[in-house]
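K.L.:
Supplied in structure tokens, the structure appears directly below.
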Amino acid sequence: MDVVRGLTELRRRKMAPYLLELDLTQPLLEDRPTDPLARLLWRRRVSLPVVLRALSEARSDPKVAGLVAKVGARGMGFATAQELRDAVKAFRAAGKHAVAWAETFGEASAATVPYYLAAGFDEVWLQPSGEVGFVGVASNSLFLAEALDNAGVRRQIGTRHEYKNAANMLLERSFTEPQREATGRVVASLFEQMVDGVARGRQLETATVRDLADRAPLAAKEAHEAGLVDRVGYRDEVYGALRRRTSPDAQLLFAHRYRPRHQVEARLRRSVARRRGVVALVSGSGRIRLGRSSDGPLPAAAMGSDTVGAALRAAQADGRVRAVVFRVNSPGGSYVASDVIWREVSQLKHSGKTVVISMGDVAASGGYFVSAPADLIVAQPGTLTGSIGVLGGKLSFADLLGRFGIRHGTIAAGLHARMMSAFDEFSPEEWQRLSDWLDRIYDDFVAKVAAGRSMTTEEVGNVARGRVWTGADAKERGLVDELGGLDLAVTLARERSGLPADAELVRFPRISTAERLRAPRSSEDPGAVAASLDAWGPFGALAARLGLPPSGPLAMLPLDIR
């Protein structure tokens, strides 16, 4: 009898449907780390491409009955939330049920992005003690000029041009008018998108959603009465209701662990399709620097010109690759490193292979520089992009140290040997050389964007000057071609290169552990990526000191969007 019961139980479990789970209380990684140490440190974190793939494959699997997501990740980028909403929308369109739940959307704090994401599901559940912190969008800026003046810290920083606001923290005592104008428009655009998304997801009028945002944070009962939440309950009630709707025997499975039932058939199909050509996926995340990429967390994620360049060259040399999707999620950094990657993207495009950019949460300044040569640029409406500008300069601490009786002496040979010293101010000639450097970088940036986007330098100049745009506003101004996520970028890459709709997406470079450990044979070997951390080039001495953004001259001021 025990054997019979065991076989019956096994058969029942085999026939039971899956309920896929998403834990969105931690921000998703932009991509799966390639470095073994980073993999160990991030072993419990899930990447966005893996989740997108799972939801896409699960749409057509009759064994998958639904999706349940625990939402609440503070720090998730708005464009990432939009990408997940798009995937959930497609999942629901296939007849699958999707439920989002949270203990709270913020606890006496803002949680606008997490709630916006949850509003894209069929149902939203909230714990009775929770609240909905859909309070709007704000960007906070610190201004240290007065404190630095009082401390005796002198600043000599140049920008190109008035909208390049990263240095305002050091130079100004409040918002400049260009900073207020540009940041105000970004905040307004993001809030418009959030209100519209919640209104569509919850079937409410946009005016009603704006009013609710002005009343928030809302307690669970208030949120339920207002239509922002479908049901109030605890986790066990969420899962119990979902099992009653689908199957009492439904098995829980994390989405990133899901694999289609017919994996063997799928592999055979991919093997056949691979002979017809593939789409290569190259990822670049974090600040742009010379040398090797870093997957984080220590050091923080960085897009290294050596690593990304090797990946792009490998894709160009591979005869199977017909198109490349370059995923960019970066606020910029080193001008020289950005130029290295720009050249590789240009070379790849001129080789006849289709190049499509997929922008993540941010692809601005240097992140836009490396994107400009591509055939197509795809961004989410909430992506932060543009910031076509440059900054550079230094701080001088001589007066500050002098107040403590600290003196500094230098013996130098060479007229400008002390140019970047933190103990001397620029001479008039040195300031002119810095100004010329800024002009040269800015003019090069504008010219390369104009060439890549088939615009005149005057047209680029009108949307440049260091100004940040949302993806939605950037599309209206010709800086972006299409609004969407990674899936759309891959689809467009297939179509433009003449590949079938099921052409495989293959990550580049594919570097084995053995290739990482052995000495590289040449500079063309993907393993030949040496580290170099200096994002400021000739001004690298200042990167380690208090002051300018360590990511480099082509850097965008971060916006705190919750």
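The values are calculated or read from the model by the stated rules, or taken from the named source; none is laboratory data. Remember, predicted model here, so these are calculated numbers, not experimental data. For neighbour counting, all protein chains shown are included, and Cβ atoms are generated from backbone atoms with ideal geometry for every residue, glycine included. Ligands, DNA and RNA are excluded from the accessible area calculation, which covers all protein heavy atoms including side chains. Shrake-Rupley method; radii C 1.70, N 1.55, O 1.52, S 1.80 Å.
K.L.:
Given the Cα-Cα distance of Asp196 and Arg210 and 0.36 nm per residue of separation, how much length would full extension add, in nm? Before the final figure, lay out each step's value.
P.N.:
On the way: separation 14, 0.36 × 14 = 5.04 nm, distance 0.95 nm.
Computed gain between Asp196 and Arg210 is 4.1 nm.
K.L.:
Let me ask another. So which trypsin sites (Lys or Arg not before Pro) in the range 386-419 pass both tests, a DSSP loop state and at most 13 other Cβ atoms within 10 Å of the Cβ?
P.N.:
Hits after loop and neighbour filter: Arg403, Arg407.
K.L.:
Rounded, prolate or oblate: which fits the range 462-515, taking a ≥ b ≥ c as square roots of the Cα gyration tensor eigenvalues, rounded meaning a/c under 1.5, else prolate when a/b beats b/c? Write down the numbers at each step before the final one.
P.N.:
Numbers: a/c = 3.56, a/b = 1.65, b/c = 2.15.
Oblate, because a/c is 1.5 or more while a/b does not exceed b/c.
K.L.:
Still on this model: Spin-label point model (7 Å from Cα, Cβ direction): what's the Ala412 to Trp431 distance in nm?
P.N.:
Placing both labels 7 Å beyond Cα along the Cβ direction yields 1.6 nm.
K.L.:
Pull out the extension gain between Thr456 and Arg477, defined as 0.36 nm times the separation in residues minus the alpha carbon to alpha carbon distance; nm, one decimal. All intermediate terms of the calculation are to be shown ahead of the outcome.
P.N.:
Numbers: separation 21, 0.36 × 21 = 7.56 nm, distance 1.27 nm.
The Thr456-Arg477 span can extend by a further 6.3 nm.
K.L.:
On to the next question. Compute the Kirkwood hydrodynamic radius of the range 177-231, taking the inverse of the mean of 1/r over all pairs of distinct Cα atoms, and give it in Å to one decimal. Numbers along the way, then the final one.
P.N.:
On the way: mean 1/r = 0.0814 Å⁻¹.
About 12.3 Å for the range 177-231.
K.L.:
Leaving ligands, DNA and RNA out of it, rank Lys70, Lys221, Lys475 by accessible area with a 1.4 Å probe, largest first.
P.N.:
Details: Lys70 55, Lys221 145, Lys475 85 Å².
Sorted by accessible area, descending: Lys221, Lys475, Lys70.
K.L.:
Counting Lys +1, Arg +1, Asp -1, Glu -1, what net charge surrounds Ala226 among other residues with beta carbon under 13 Å of its beta carbon? Each step should come with its number before you reach the end.
P.N.:
On the way: positive: Arg202, Arg210, Arg215, Lys221; negative: Glu131, Glu205, Asp211, Asp214, Glu222, Glu225, Asp230.
Neighbour charge sum, excluding Ala226 itself: -3.
K.L.:
Going through the range 388-458, which chymotrypsin sites (Phe, Trp or Tyr not before Pro) have at most 12 other Cβ atoms within 10 Å and a DSSP loop state? Before the final figure, lay out the partial values.
P.N.:
On the way: sites: Phe397, Phe404, Phe423, Phe426, Trp431, Trp437, Tyr442, Phe445; in loops: Phe397, Phe404, Phe423, Phe426.
Answer by residue number: Phe404.
K.L.:
Determine how large the accessible area of His416 is when every protein chain is in place; take a 1.4 Å probe and give Å² rounded to the nearest 10.
P.N.:
60
K.L.:
Still on this structure, I have one more. Label points 7 Å out from Cα along the Cβ direction at Arg343 and Glu495: separation in nm?
P.N.:
It works out to 3.5 nm between the two label points.
K.L.:
Efficiency by 1/(1 + (r/R0)^6): what FRET value for Thr25 and Arg521, r their Cβ-Cβ distance, R0 = 41 Å, to the nearest 0.05?
P.N.:
Values: r = 45 Å, r/R0 = 1.09.
My answer for the efficiency is 0.35.
K.L.:
Of the cross-linked pairs Lys63/Lys89; Lys394/Lys475; Lys70/Lys221; Lys164/Lys353; Lys70/Lys96, which ones have a Cα-Cα span greater than 24 Å in the structure shown? Could the numbers behind the result be given before it?
P.N.:
Details: Lys63/Lys89 19 Å; Lys394/Lys475 35 Å; Lys70/Lys221 19 Å; Lys164/Lys353 34 Å; Lys70/Lys96 17 Å.
In this structure, Lys394/Lys475; Lys164/Lys353 lie more than 24 Å apart at Cα.
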